[in-house]
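We did not get these values from a lab; they are worked out from the coordinates using the rules stated. As the structure is a computational prediction, the values presented were derived from the model and not from experiment. Using ideal geometry, Cβ is built from the backbone for each residue, glycine included, and neighbour counts are taken over all protein chains shown.
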Amino acid sequence: MSDFSKKYIVIKNNRDFSFLFKKGESIVTFAFVCYVRERRGRCNRLGIVTGKKVGNAVKRNRSRRIIREAFRLFEPVLKEKTQKRYDFVFVARSKTPELKSTKIYSLMMKNILSKLS
């Protein structure tokens, strides 16, 4: 695999989102809500939800970009710490577009990694 290829799969089906909302474990921060569930597959899956309460289209897209970048940095650490693979759905909150990806990354490290380990 090249260095630029994605190491995770994007969740696109509504069925998968609904399943995670119902059966997944939720981790709440001021910047996002994360739903996590263990899976049997080879790699992690990522889904990002941004509602209209986040703001206009520019803010919603920025929220998705920030979360995606933070997850790109977070995933190698997750693979190093645990052998399990997970489904993640991040729900952006109104504070998300105002933050930097490094802040989101530190929240992921602090909250998600401690919960999964």
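For this structure, a couple of remarks:
- GluC sites (Glu not before Pro) restricted to DSSP loop in the stretch 21-117 with at most 10 other C-beta within 10 Å: none
- When the stretch 9-116 is described by a simple charge dipole with +1 on each Lys and Arg Cβ and -1 on each Asp and Glu Cβ, the residue from 47, 29, 83 located farthest towards its positive end is 47.
- Each residue of the stretch 88-104 was assigned a 3J(HN,Hα) from its phi angle through the Karplus curve 6.51 cos²θ - 1.76 cosθ + 1.60 (θ = phi - 60°); the sequence is 10, 10, 9, 10, 6, 10, 5, 7, 4, x, 8, 9, 8, 5, 5, 5, 5 Hz, with glycine and proline shown as x.
- Relative contact order computed over the stretch 9-116 (Cα-Cα under 8 Å; 6+ residues apart), in percent: 36 percent
- Whole-Hz ³J(HN,Hα) from phi, Karplus 6.51 cos²θ - 1.76 cosθ + 1.60, for the stretch 41-46, glycine and proline x: x, 7, 9, 6, 10, 10
- Dipole magnitude (debye, nearest 20) for the chain, charges at Cβ of Lys, Arg, Asp, Glu: 280 debye
- Matching the structure-derived Cα extents along the principal axes in Å against the labelled list (1) 37, 30, 28; (2) 61, 36, 23; (3) 58, 27, 22 gives the label (1).
- Helix 57-81 axis versus longest C-alpha principal axis of the chain: approximately 20°, rounded to the nearest ten.
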